[in-house]
Amino acid sequence: MRWLTRLTAVLGVGILMVSAGWSQATTPGAVTQAQVGLVDLLTPSDVATRGAEQLEKAKASANGSSGVTLEKYPAHYTMITARAKSGGAEVHAYYSDFLIVVDGEGTELTGGTVVDAKEGENGETRGSHLEGATAHVLHKGDILHITAGTPHQAIEGPGQTITIFVIKVEKPAVKGSVAAK
């Protein structure tokens, strides 16, 4: 239940962040048509079921990863992802990530330099791995916030798997924070 308390806190912060962005674009106190009806409830059972589905797909996948977008909203969206193998390095120029571990364990590397960096569409950079990164060992219930422009990489040791609820918040990277090439 610790992860559910953390998830509730992160969702609250996310709602405040998104609401602050909306309030800047509208008359104070006004509700836009886009905001009406944007309420979703995910129970721990819902998250566990969706996570188990993604983990099975990750185990069967050649790259050891699987994810699904749950809902899209103005300026953010939610996902469930699972890993059974380590991934490559990545940098998102336009999205910050809130990673909420719902099951399993692994390590997320952050910072450092993306090796063999290749820029892709929509501000996405991918590479083979990170050099000079900081390791964050993650367990069920942990929450890791990765700001836009921060290099990161998921590492799964032998026998490890991880399932994560992800909130991706649209926010351009701060100048100078994008990974070195």
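The values are calculated or read from the model by the stated rules, or taken from the named source; none is laboratory data. Everything numeric here is computed off the predicted structure, so don't read it as measured data. A quick note on method: Cβ atoms are made from the backbone with ideal geometry, for glycine too, and the neighbour counts reach across all protein chains shown.
Could you check, for region 109-131, whether at least one of its residues is outside any loop (DSSP other than H, G, I, E, B) and closer than 15 Å to Ile162 by Cα?
Within region 109-131 (the criterion being outside any loop (DSSP other than H, G, I, E, B) and closer than 15 Å to Ile162 by Cα), the answer is yes, since at least one residue qualifies.
Taking Asp40, is it surrounded by fewer than 16 Cβ atoms within 10 Å (Cβ to Cβ) and either modelled with pLDDT under 95 or within 18 Å of Ile146 (Cα to Cα) (or both)?
yes
Applying the selection to region 134-144, what residues are surrounded by fewer than 20 Cβ atoms within 10 Å (Cβ to Cβ) and either touching an Asp or Glu at 6+ places or on another chain (Cβ under 7 Å) or of a type in the set (A, V, I, L, M) (or both)?
The answer is Ala135, His136, Val137, His139, Lys140, Ile143, Leu144.
Give the residue, chosen from Gly104, Gly112, Gly88, that is under 25 Å from Asp46 (Cα atoms), at pLDDT 95 or above, surrounded by fewer than 21 Cβ atoms within 10 Å (Cβ to Cβ) and small (Gly, Ala, Ser).
Details: Gly112 fails: under 25 Å from Asp46 (Cα atoms); Gly88 fails: under 25 Å from Asp46 (Cα atoms).
Every option except Gly104 fails the conditions.
Just one of (1) part of a strand (DSSP E or B); (2) out of contact with any Phe, Trp or Tyr (no Cβ under 6 Å at 6 or more places or on another chain); (3) touching a residue at least 24 places away in the same chain (Cβ under 8 Å) trips up Lys72, so point out which.
(3)
Considering every residue within region 55-66, establish whether at least one is in a helix (DSSP H, G or I), of a type in the set (Lys, Arg) and closer than 22 Å to Ile167 by Cβ.
yes
From the set of residues in region 76-85 that are of a type in the set (A, V, I, L, M, F, W, C) and closer than 15 Å to Val166 by Cα, which is surrounded by the fewest Cβ atoms within 10 Å (Cβ to Cβ)?
Applying the filter and picking the extreme gives Met79.
Filter region 43-69 down to the residues that are more than 28 Å from Lys118 (Cα to Cα), crowded, with 17+ Cβ neighbours inside 10 Å and touching a residue at least 40 places away in the same chain (Cβ under 8 Å) and list them by number.
Within region 43-69, Val47, Gly51 qualify.
Taking Glu105 and the conditions (1) over 22 Å from Ala58 (Cα atoms); (2) in contact (Cβ under 8 Å) with a residue 24 or more places away in the chain; (3) of a type in the set (Asp, Glu), which numbered condition does it fall short on, given that it satisfies the others?
Condition not satisfied by Glu105: (1).
Would you pick out the residues in region 153-167 that are of a type outside the set (Ser, Thr, Tyr) and either outside any strand (DSSP E or B) or surrounded by fewer than 14 Cβ atoms within 10 Å (Cβ to Cβ) (or both)?
Selection gives Glu156, Gly157, Pro158, Gly159, Gln160.
So Thr150 clears everything in (1) assigned to a loop (DSSP other than H, G, I, E, B); (2) surrounded by fewer than 16 Cβ atoms within 10 Å (Cβ to Cβ) except one condition, right? Which one?
Just one mismatch for Thr150, condition (2).
Here are the criteria: (1) more than 15 Å from the chain's Cα centre (by Cα); (2) under 21 Å from Asn63 (Cβ atoms); (3) surrounded by 15 or more Cβ atoms within 10 Å (Cβ to Cβ). Tell me which single one Ser128 does not satisfy.
Every listed condition holds for Ser128 apart from (3).
Checking Gly104 against (1) on the phi < 0 side of the Ramachandran plot; (2) touching a Ser or Thr at 6+ places or on another chain (Cβ under 9 Å); (3) part of a strand (DSSP E or B), only one condition comes out false. Which one?
(1)
What single numbered condition from (1) touching a helix residue (DSSP H, G or I) at 6+ places or on another chain (Cβ under 9 Å); (2) assigned to a strand (DSSP E or B); (3) over 18 Å from Gly64 (Cβ atoms) fails to hold for Ala135?
Answer for Ala135: the failing condition is (1).
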